[in-house]
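Asker: Have a look at the structure that comes next, please.
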Amino acid sequence: ELNDYSFHNLVVSTCKIDLRHDTVRMFWKDDNKLVLGNFAKLRTWLRQQGDDVVCATNAGIFDENYRPLGLYIEKGLTLRGLNVRKNAYGNFYLQPNGVFLIRGQQADIVDTDRFAIERYKLLPDVRFATQSGPILIQDGKINPAFAVGSENRLVRNAVCTTSPYDIVLALSRGPINFYEFAQFLRDKAGCTNALYLDGNISRMYPGVDSDFGADFGVLIAVTKKVP
């Protein structure tokens, strides 16, 4: 379900997903090990397999070689390991950071410290996972590190959970600070846990600008069979 909300004089686009009915996957490279990187390539590649993209967004922070900066699991395979570094520059390292994971028909957002301790309990049956940071909302509480009137405003996107089965992908269509974005996710989208994915370069499909701009590392998409 796709919705646009007005919030603080800008538009936030959301894609609401029910894991009991919707197919959600993460994508990094095609069969030739080439980074997909954008929605147009993803749609072309999936159509060859009889699938179409319902909605999609970039799914986490990456390095200059388009490799995920933290844990990345695709189809049950761990392709990048957990990143437990803390005192480094960039949004990824703002604390707490965490992991968004999909296990069967359920999703969860787990902070990195807990994931590191409980990984052998948490990892079995995980089909997809991406690590990013910071966590925006944890158990209904906005990250206390965020300043209410911060001038650090960028386009931002996030993934959040409203129940064990229900996920929301969200993108601010204009510059927003961390506190206001978290506030939107909690109060308007009903999220109890939320993880920041990226900023500035973030886009969402469908959208007027979805096929313009820089390439991404990992993508997350809801897909359906082409009728």
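Asker: Looking only at residues that are surrounded by fewer than 16 Cβ atoms within 10 Å (Cβ to Cβ) and not charged (D, E, K, R) in the range 85-96, which one is nearest to Ala147 (Cα to Cα)?
Answerer: Step one: filter the range 85-96 for residues surrounded by fewer than 16 Cβ atoms within 10 Å (Cβ to Cβ), giving 85-90, 95.
Those still in the list that are not charged (D, E, K, R) too: 87-90, 95.
On the way: Asn87: 20, Ala88: 20, Tyr89: 18, Gly90: 17, Gln95: 14 Å.
Result: Gln95.
Asker: Counting only residues that are open to solvent by 80 Å² or more (accessible area, probe 1.4 Å) and assigned to a loop (DSSP other than H, G, I, E, B), which one in the range 50-84 is nearest to Leu195 (Cα to Cα)?
Answerer: The selected residue is Val84.
Asker: Which condition number does Tyr66 fail, the rest of (1) within 17 Å of the chain's Cα centre (by Cα); (2) over 21 Å from Phe128 (Cα atoms) being met?
Answerer: Unmet for Tyr66, out of (1) within 17 Å of the chain's Cα centre (by Cα); (2) over 21 Å from Phe128 (Cα atoms): (2).
Asker: Something else about it: Return yes or no: is Leu36 buried (at least 21 other Cβ atoms within 10 Å of the Cβ) and more than 16 Å from the chain's Cα centre (by Cα)? It would help to see each step written out before you state the result.
Answerer: Working: buried (at least 21 other Cβ atoms within 10 Å of the Cβ): yes; more than 16 Å from the chain's Cα centre (by Cα): yes.
So Leu36 passes the test.
Asker: Further question: Quick test of your reading of the structure: Thr112 fulfils all but one of (1) among the hydroxyl-bearing types (Ser, Thr, Tyr); (2) more than 26 Å from Lys16 (Cα to Cα); (3) at pLDDT 95 or above. Name the failing condition by number.
Answerer: Of everything listed in (1) among the hydroxyl-bearing types (Ser, Thr, Tyr); (2) more than 26 Å from Lys16 (Cα to Cα); (3) at pLDDT 95 or above, Thr112 misses just condition (2).
Asker: Now for a separate question. Of all residues in the range 157-166, which are more than 15 Å from Leu219 (Cα to Cα) and either more than 10 Å from the chain's Cα centre (by Cα) or in contact (Cβ under 8 Å) with a residue 60 or more places away in the chain (or both)? First the steps, then the outcome.
Answerer: Applying the first criterion (more than 15 Å from Leu219 (Cα to Cα)) to the range 157-166 yields 160-166.
Within the range 157-166, Thr161, Thr162, Ser163, Pro164, Tyr165, Asp166 meet the criteria.
Asker: A follow-up question, please. Which of the residues spanning the range 78-104 are among the polar types (S, T, N, Q) and modelled with pLDDT under 95? Break it down stepwise before answering.
Answerer: We begin by selecting, within the range 78-104, every residue among the polar types (S, T, N, Q); these are 78, 83, 87, 91, 95, 97.
Asn87 - this is the single residue of the range 78-104 that is among the polar types (S, T, N, Q) and modelled with pLDDT under 95.
Asker: Turning to a different aspect of this structure: Tell me, which residue of the range 119-146 that is among the aliphatic types (A, V, I, L, M), over 14 Å from the mean Cα position of the chain (by Cα) and modelled with pLDDT of 95 or more is surrounded by the fewest Cβ atoms within 10 Å (Cβ to Cβ)? Please lay out each step first, then the result.
Answerer: Of the residues in the range 119-146, the ones among the aliphatic types (A, V, I, L, M) are 122-123, 126, 129, 135-137, 142, 145.
With the extra rule that they be over 14 Å from the mean Cα position of the chain (by Cα), the set shrinks to 122-123, 126, 142, 145.
Filter once more, keeping what is modelled with pLDDT of 95 or more: 126, 142, 145.
Details: Val126: 18, Ile142: 21, Ala145: 12.
So the residue we want is Ala145.
Asker: Please go through (1) under 13 Å from the mean Cα position of the chain (by Cα); (2) over 19 Å from Met204 (Cα atoms) for Ala59 and return the number of the only condition it doesn't satisfy.
Answerer: (2)
Asker: Got at least one residue in the range 149-159 being under 20 Å from Lys75 (Cα atoms) and either at pLDDT 95 or above or surrounded by fewer than 19 Cβ atoms within 10 Å (Cβ to Cβ) (or both)? Outline the logic, then answer.
Answerer: Going residue by residue through the range 149-159, those that are under 20 Å from Lys75 (Cα atoms) are 159.
Still in the list and also either at pLDDT 95 or above or surrounded by fewer than 19 Cβ atoms within 10 Å (Cβ to Cβ) (or both): 159.
Looking for residues that are under 20 Å from Lys75 (Cα atoms) and either at pLDDT 95 or above or surrounded by fewer than 19 Cβ atoms within 10 Å (Cβ to Cβ) (or both), one finds at least one in the range 149-159, hence yes.
Asker: Could you say which residue among Ile102, Ile61 is in contact with a helix residue (DSSP H, G or I) (Cβ under 6 Å, 6 or more places away or on another chain) and among the hydrophobic types (A, V, I, L, M, F, W, C)?
Answerer: Details: Ile102 fails: in contact with a helix residue (DSSP H, G or I) (Cβ under 6 Å, 6 or more places away or on another chain).
Matching residue, one of Ile102, Ile61: Ile61.
Asker: Would you be able to tell me the number of residues in the range 96-137 that are farther than 22 Å from Ala182 by Cβ, outside any loop (DSSP other than H, G, I, E, B) and polar (S, T, N, Q)?
Answerer: Residues in the range 96-137 being farther than 22 Å from Ala182 by Cβ, outside any loop (DSSP other than H, G, I, E, B) and polar (S, T, N, Q): 1 in total.
Asker: Give all pairs with beta carbons closer than 7 Å in which a residue from the range 40-55 that is closer than 14 Å to Thr23 by Cα and charged (D, E, K, R) meets a residue that is open to solvent by less than 40 Å² (accessible area, probe 1.4 Å) and modelled with pLDDT under 95; count only pairs at least 6 apart in sequence or on separate chains.
Answerer: Close Cβ pairs satisfying both conditions: none exist.
Asker: I've got another one for you. Run down Ile201, Ile137, Ile176 and say which single residue is out of contact with any Ser or Thr (no Cβ under 6 Å at 6 or more places or on another chain) and without any contact (Cβ under 8 Å) to a residue 60 or more places away in the chain.
Answerer: On the way: Ile201 fails: without any contact (Cβ under 8 Å) to a residue 60 or more places away in the chain; Ile176 fails: without any contact (Cβ under 8 Å) to a residue 60 or more places away in the chain.
Checking each option against the conditions leaves just Ile137.
Asker: How many residues does the range 195-222 contain that are open to solvent by 20 Å² or more (accessible area, probe 1.4 Å), under 15 Å from Asp52 (Cβ atoms) and assigned to a strand (DSSP E or B)?
Answerer: The number of residues fulfilling the criteria is 1.
Asker: While we're looking at this one, here's another question. Determine whether the range 173-180 contains at least one residue that is assigned to a helix (DSSP H, G or I) and crowded, with 20+ Cβ neighbours inside 10 Å. I'd like the intermediate steps shown before the answer.
Answerer: Narrowing the range 173-180 to residues assigned to a helix (DSSP H, G or I): 178-180.
Those still in the list that are crowded, with 20+ Cβ neighbours inside 10 Å too: 178, 180.
Within the range 173-180 (the criterion being assigned to a helix (DSSP H, G or I) and crowded, with 20+ Cβ neighbours inside 10 Å), the answer is yes, since at least one residue qualifies.
The values are calculated or read from the model by the stated rules, or taken from the named source; none is laboratory data. Please read these numbers as outputs of a predicted model, since none were measured by experiment. Don't worry about glycine lacking a Cβ; one is built from the backbone with ideal geometry, like all the others, and counts go over all protein chains shown. With ligands, DNA and RNA removed, areas are computed over all heavy atoms of the protein, side chains included. Shrake-Rupley method; radii C 1.70, N 1.55, O 1.52, S 1.80 Å.
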